[in-house]
Amino acid sequence: VGKVAPEEFHATLERINSILYKSIPFNLKCLICGCLCCCCTLGISLGPVLYLSKRTKTRLEKVISQENWRLYNKLGLNIKLQKEFCDGNNLREYVIYIEFLPKQPLYYPD
């Protein structure tokens, strides 16, 4: 709607994608190794995969909060990660939502 310059929005998405590009290949290798060893270790080998995905999500939330503080909150917008069901199955995925923050009235009593 013209609140954010396309270059700024593109830079934000580049920061988010760079984190994902760095973490996804290693997470996939750990997932494959964990699945292969799952029968021998009774599922304990999937622990590192869960830790790595939680760490990636934490990094993404940190970058998003920095971007919100730096640019988007000043423009009355808020970006956040939200889980959403995929179409046609029961899988869930993370989606980036852009919310409009309500304007604070100037003469609102404290």
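All but one of (1) at pLDDT 90 or above; (2) in contact with a Ser or Thr (Cβ under 9 Å, 6 or more places away or on another chain); (3) surrounded by 13 or more Cβ atoms within 10 Å (Cβ to Cβ) hold for ASN27; state the number of the condition that does not hold.
All conditions pass for ASN27, except number (1).
Anything in region 53-110 that is over 10 Å from the mean Cα position of the chain (by Cα), touching a residue at least 40 places away in the same chain (Cβ under 8 Å) and assigned to a helix (DSSP H, G or I)? List them, or say none.
Those that are over 10 Å from the mean Cα position of the chain (by Cα), touching a residue at least 40 places away in the same chain (Cβ under 8 Å) and assigned to a helix (DSSP H, G or I): GLU67, LEU71, TYR72, LEU75.
The values are calculated or read from the model by the stated rules, or taken from the named source; none is laboratory data. What you see is a predicted model; the values in this text were computed from it and never measured. Because the Cβ atoms are built from the backbone with ideal geometry, glycine has one as well, and the counts that use them run over all protein chains shown.
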